Amino acid sequence: MLYTLKNGTSVTIRKPTTKDAQAIVSIISTADTENLFLARNPGEFRTTVEREEAVIEGVLADEDSTWFVAEYEGRLVGQCSVGLVRRSQRYRHRAEVAFVILKDYQGLGIGGKMMEECIKWCREKEVTQIELDVVTANQKALSMYRGFGFEVTGTLPNALRYTDGTYADEYKMVKRL
Ligand SMILES: CC(C)(COP(=O)(O)OP(=O)(O)OC[C@H]1O[C@@H](n2cnc3c(N)ncnc32)[C@H](O)[C@@H]1OP(=O)(O)O)[C@@H](O)C(=O)NCCC(=O)NCCS
């Protein structure tokens with residue numbers, strides 16, 4: 001889907017294809033060097049394009065989860081995932097989301113458009129509750145999530161441990177649909 005951003009430029013939010021494998025690997029490994037809010041240390045995300053292609057094929061075949069990528073000015077600059085937290089009946093009203101946008105492209109509204117696509121997917125799947133975990137110091141992400149109506153429902157202390165021995169807490173956030 002093509003969206004116009006607040007600065008008048010446009011972004012396409014779409015499902016990935018296997019041709020995007022290299023770009024997705026690059027986004028994830030670059031983002032790991034750009035901030036302290038993601039799951040891995042820099043250099044920890046190691047895969048091959050072939051393996052990533054297989055992962056994308058798996059995602060595209062899965063009814064219970066999906067990915068979206070953001071294509072901006074001819075290149076992929078972001079990726080997100082949305083999927084049921086578990087597949088059994090008692091959990092099928094709950095989905096979780098995760099987002100990453102390369103630093104140079106943050107703040108343009110691209111994350112917001114990805115969130116809109118995720119919410120659309122959730123509504124189609126009759127999900128009634130969207131959940132995420134976010135480092136408590138991640139102001140940019142918190143601002144976006146609050147803007148979409150997510151509320152903090154709890155805090156997990158020491159959720160992440162960094163190489164220097166310090167820790168970060170995470171909020172659990174929930175948005176009801
Ligand atoms: C967090 C992240 C995904 C946000 O994406 P982004 O493209 O930078 O964010 P956007 O420009 O779409 O949104 C930022 C602002 O628009 C607001 N916004 C965007 N769409 C909105 C909407 N539809 N409704 C309400 N508010 C909206 C957000 O609240 C936020 O407000 P602010 O101006 O007060 O900061 C991105 O910065 C990122 O990838 N960061 C690094 C990795 C990361 O932290 N991932 C999240 C881990 S939990």
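Laboratory data are not the source of any read-out in this text; all were calculated from the coordinates shown. What you see is a predicted model, and the numbers here were worked out from it, not measured in a lab. Reconstructed Cβ throughout: ideal geometry from the backbone, glycine too, with neighbour counts over all protein chains shown.
Cβ-Cβ distances below 6 Å connect the following pairs, each with a first residue in the range 34-53 that is farther than 19 Å from A21 by Cβ, a second residue that is exposed (fewer than 15 other Cβ atoms within 10 Å of the Cβ) and not hydroxyl-bearing (S, T, Y), and a separation of six or more residues or different chains: E34/K103.
Summed over the range 73-90, the residues that are touching a strand residue (DSSP E or B) at 6+ places or on another chain (Cβ under 9 Å) and either buried (at least 21 other Cβ atoms within 10 Å of the Cβ) or outside any loop (DSSP other than H, G, I, E, B) (or both) give a count of 9. Scanning the range 136-170 for residues being assigned to a strand (DSSP E or B) and either under 22 Å from G43 (Cβ atoms) or within 11 Å of the ligand (Cβ to nearest atom) (or both) gives a total of 6.
The C-beta contact set for the range 104-123 (first residue without any contact (Cβ under 8 Å) to a residue 40 or more places away in the chain, second residue among the aliphatic types (A, V, I, L, M) and within 6 Å of the ligand (Cβ to nearest atom), distance under 6 angstrom, 6+ apart or interchain) comprises G111/I101; G111/M144. Against the conditions (1) within 12 Å of the ligand (Cβ to nearest atom); (2) in contact with a Cys (Cβ under 8 Å, 6 or more places away or on another chain), W67 satisfies every one except (1). Per the listing G107, G112, the residue uniquely assigned to a loop (DSSP other than H, G, I, E, B) and within 9 Å of the ligand (Cβ to nearest atom) is G107.
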